[in-house]
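J.: One structure follows; several queries about it will come next.
The values are calculated or read from the model by the stated rules, or taken from the named source; none is laboratory data. A quick note: this is a predicted structure, and the numbers were derived from the prediction, not measured. Note: ideal-geometry Cβ built from the backbone for every residue, glycine included; neighbour counts use all protein chains shown. We work out accessible area using only protein heavy atoms, side chains counted, and drop any ligands, DNA or RNA first. Shrake-Rupley method; radii C 1.70, N 1.55, O 1.52, S 1.80 Å.
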Amino acid sequence: LLLFIYNATFSQIEKIKIEKEDSIFTNVDKQPEFPGGFVALLQFVNKNMDLTSVDCPAFGCKTFRIKFMITSSGVVKDVTVKTNLPDCPAYENELARVFKLMPHWKPAILNGAAVNTYFTLPFRIRLG
């Protein structure tokens, strides 16, 4: 009887594990991390950002909100960029392009396992 209960519990654990592979978690034990940390993230964006082709009359500091998924394997997916520059999507497109180039992140951790999660970053750019 004890063996039967063990097998039933093991099957339930396997089922939960499979369901978690497709799930996206908002509350995690450890947030995802860019390799090298936040400073390395800023360096990556600065190195890969090309604003020379962006034709937009906006000036000053603008804040962009970048939301993206980091999968359980660390891949960046589903990048969306929001800002208050409705007449100038070129900056949003360029930021999205750069974030799609990113190397694998260290994924979020929940109960000791890597899981999918969304990550949102506010990002400021001085324009003009």
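J.: Any idea of the accessible area per residue across region 23-71, 1.4 Å probe, to the nearest Å²? Mind dumping the intermediate values first?
T.: Numbers: 3040 Å² over 49 residues.
Per-residue value: 62 Å².
J.: So, one more: Filter the cross-link list LYS47/LYS100; LYS30/LYS62; LYS67/LYS100; LYS67/LYS106; LYS30/LYS67 down to pairs whose alpha-carbon distance in this structure exceeds 20 Å. Display every interim value, and only then the final one.
T.: Values: LYS47/LYS100 14 Å; LYS30/LYS62 29 Å; LYS67/LYS100 11 Å; LYS67/LYS106 17 Å; LYS30/LYS67 18 Å.
With Cα atoms farther than 20 Å apart: LYS30/LYS62.
J.: Using the per-residue mean of other Cβ atoms lying within 10 Å as a proxy for protection, in what order, highest first, do the peptides 98-105, 36-43, 64-71 fall?
T.: Highest to lowest by the protection proxy: 64-71, 98-105, 36-43.
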